[in-house]
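Data first, discussion second: the structure below is written as C-alpha cells.
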Amino acid sequence: MSDLLANHTTLRLGGPAARLLTHTDPAAWPELAHTIINEPTAPFVLGGGSNTLADDAGYPGTVIRMATRGITARPLDDDAVEVTAQAGEPLSALVAFAVSEHLSGIEYLAGIPGTVGAAPVQNTGAYGQQISDTLTRLTVYDWHRRRHVDFRPAACGFGYRTSIFKAHPGRWTILQAALRLTRSAYAAPITYQHLAHALGIPLGARPPLAEAAQGVLADRCQRGLALPKDGPDARQAGSVFLNPLITTAQADVVRAAGGAVHHDDHGVLRASAGWLLQLAGYHPGSRLAPGVSCSTRRTLTLTTHDGATAQFFTVALQRLAHDVFEATGIRLHPEPVRPAAAWMPVGSGADHDSEASVI
Ligand SMILES: Cc1cc2nc3c(=O)[nH]c(=O)nc-3n(C[C@H](O)[C@H](O)[C@H](O)COP(=O)(O)OP(=O)(O)OC[C@H]3O[C@@H](n4cnc5c(N)ncnc54)[C@H](O)[C@@H]3O)c2cc1C
C-alpha cells in the first residue's frame with residue numbers, strides 16, 4: 001500500500017508520509033520508539049484516521065499507525081470488572097466486547113469510528129457518555145522522559161472533547177487503556193429524548209445493553225452520524241466543529257432566534273454548531289469549495305469528493321466559521337486534528353509530570 005495519508009484517513013486527504021510504520025506488537029514498542037527518538041521531526045500517531053485532517057504536502061517525519069490488538073478482563077469485585085484494551089483496538093470492538101460480557105459503561109459509544117488509543121485524546125463521547133466516565137488508567141509513552149508512564153484520569157485534564165493529550169500533541173502516545181465497567185445486563189439511564197422515543201421507553205429508563213447499543217447504531221444511521229462504506233457521504237470525519245462555548249448573552253440571542261442551548265457533560269453552556277451553520281444559511285448538500293460539501297444528511301459533517309484537497313477543505317471550514325461569526329458573533333473551532341510536525345518543547349505539559357506515576 002502506498003504511504004499516502006489519504007489511504008489512512010476517513011476524509012481520504014493527505015500526501016505522503018516520509019515514513020509510515022504500523023505498530024502491531026506491544027513488546028516491540030521500545031525498539032520502535034528508539035528508531036524515532038532522535039529524528040528531527042516528531043512522529044505523528046494515527047489511529048483510524050477518523051478525526052484527522054492531513055496536509056496535501058503529507059508529513060515530513062514518521063507516521064506511526066497504532067494497530068495493536070487485544071482486550072482482557074479482570075474481575076475487581078462483585079460489581080465491577082477492569083477491561084484493558086490495546087491502543088489499536090477499534091473502539092467499536094471494545095463496545096461490542098462490553099455488551100457481550102454484560103458490562104455497562106460504554107454502550108452509548110457504539111458506532112463511533114476510530115481506535116481505543118485515540119478516544120481519550122478528544123475524550124470521545126456521544127449520547128451522554130464519554131470515555132473518561134469509565135477510564136481508570138492509561139499506559140502511555142512519554143517522548144520527553146523516554147519511558148512508559150501510567151496516567152490516572154485526574155491527571156488527564158479531561159473536558160468536553162479535550163484532554164492534555166490534545167493540548168500537548170506529540171508529548172505522549174497512548175499504548176493501552178483500562179476501564180472500570182459495571183456488571184449489568186442493563187445500560188446506563190437513557191438521557192437522550194429521541195433515542196428514548198426510538199426505543200419506546202421513558203427518559204431515565206435503562207434498556208438492555210444490546211438494545212441500547214443497537215438503538216444508538218440505528219439512530220446514527222438515521223441522522224447521518226454513521227460512516228457509510230460507500231456513497232456520497234463515505235469520505236468524512238464526522239462533525240467538523242465543536243459545539244461552541246457561549247456566554248449567557250449569546251445564549252439569549254440563540255434562544256431568541258429559535259435555537260437551543262445546553263450544558264455539556266462538564267456544566268459549560270454551549271450552542272449547537274450544526275444549528276449555527278443552518279442559521280448562517282447552510283444546509284445538507286451545500287457546496288463549499290471544489291470537492292467539498294456538507295454531507296447529504298447533516299450540515300455539520302463535511303464530505304470530500306473528486307478534486308478535494310486539504311487546502312480546499314480548510315477553505316470550506318474558514319468560510320463556515322466566518323459566516324457564523326458574522327451572523328452571531330460566535331466563534332467555531334474545528335474538531336479534526338491537523339498533524340503538527342514539531343517536537344513539543346521540553347517542559348510542555350510538565351505540570352502533569354508529578355501527577356502521573358512512572359511504571
Ligand atoms: C461518522 C463519524 C462519526 C463520529 N462520531 C463521533 C462522536 O459521536 N463523538 C466523538 O467524540 N467523535 C466522533 N467522531 C470523531 C472520531 O471518530 C473520534 O474522535 C475518534 O475517537 C477518533 O479516533 P481515530 O482512531 O480515528 O483518531 P485519529 O484520527 O487517528 O487521531 C485523532 C487524534 O488522536 C491522536 N491519536 C490517535 N491515536 C493516538 C494514540 N494512541 N496516542 C496518542 N494520540 C493518538 C492523533 O495523533 C490525532 O491527533 C466521528 C467520526 C466520524 C467519521
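Using only DSSP helix segments of four residues or longer, with each worth -39500 (n - 2.57), what per-residue ellipticity at 222 nm results for the chain after dividing by its residue count and rounding to 500? Write out the running numbers ahead of the final one.
Working: 8 runs with 78 residues, N = 359.
Computed ellipticity for the chain at 222 nm equals -6500 deg cm²/dmol.
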Quiz item: Distance in nm between label sites at residue 167 and residue 69, each 7 Å beyond Cα in the beta-carbon direction?
Solution: 3.6
Practice problem: Please find the FRET efficiency linking residue 318 to residue 21, where r is the Cβ-Cβ separation and R0 is fixed at 51 Å, and quote it to the nearest 0.05. | Solution: 0.95
Self-check item: J(HN,Hα) series, segment 164-181, from Karplus relation 6.51 cos²θ - 1.76 cosθ + 1.60, nearest Hz, glycine and proline x
Solution: 5, 5, 7, 6, 10, x, x, 6, 10, 10, 7, 9, 7, 10, 10, 10, 9, 10
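By counting other Cβ atoms within 10 Å of each Cβ, how are 172, 29 ranked from fewest to most? Could you put the intermediate results ahead of the total?
On the way: 172 27, 29 17.
Final ranking by Cβ density, sparse to dense: 29, 172.
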Quiz prompt | Amide hydrogen neighbours beyond the local backbone of residue 44, cut-off 5 Å, H modeled | solution = 62, 63, 64
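Quick one: 166, 229, fewest Cβ neighbours within 10 Å first, how do they rank? Don't jump to the answer; show the numbers that get you there.
Numbers: 166 16, 229 6.
Listing 166, 229 from fewest to most nearby Cβ atoms yields 229, 166.
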Quiz prompt | Only Lys, Arg (+1) and Asp, Glu (-1) charged, at Cβ; the chain dipole about Cα centre in debye | solution = 460
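Over segment 241-328, what per residue volume does the convex hull of the Cα atoms give, in whole Å³? Write out the running numbers ahead of the final one.
Working: hull volume 8.3 nm³, N = 88.
It is 94 Å³ per residue.
Based on the Cβ-Cβ distance of residue 266 and residue 201, what FRET efficiency does E = 1/(1 + (r/R0)^6) give at R0 = 30 Å, to the nearest 0.05?
On the way: r = 27 Å, r/R0 = 0.89.
With a Förster radius of 30 Å, E is 0.65.
Restricting to Cα pairs below 8 Å that are 6+ residues apart, what does the relative contact order work out to for the chain? Please round to a whole percent.
18 percent.
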Quiz item: Sorted by packing (mean other beta-carbon atoms within 10 Å per residue), highest first, where do 197-210, 113-126 land?
Solution: 113-126, 197-210
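Mind ordering 63-76, 247-260 by average Cβ neighbours within 10 Å, highest first? Present the calculation step by step, with values, prior to reporting the outcome.
Values: 63-76: 16.4, 247-260: 12.6.
In descending order of packing, they fall as 63-76, 247-260.
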Quiz prompt | Centroid-to-centroid separation of segment 147-189 and segment 197-253 [C-alpha atoms, Å] | solution = 22
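Every number in this text was worked out from the coordinates using simple rules, so none of it is lab data. Because the structure is a prediction, the values reported are computed rather than measured. Cβ coordinates were reconstructed from backbone atoms using ideal geometry, including for glycine residues, and neighbour counts include every protein chain displayed.
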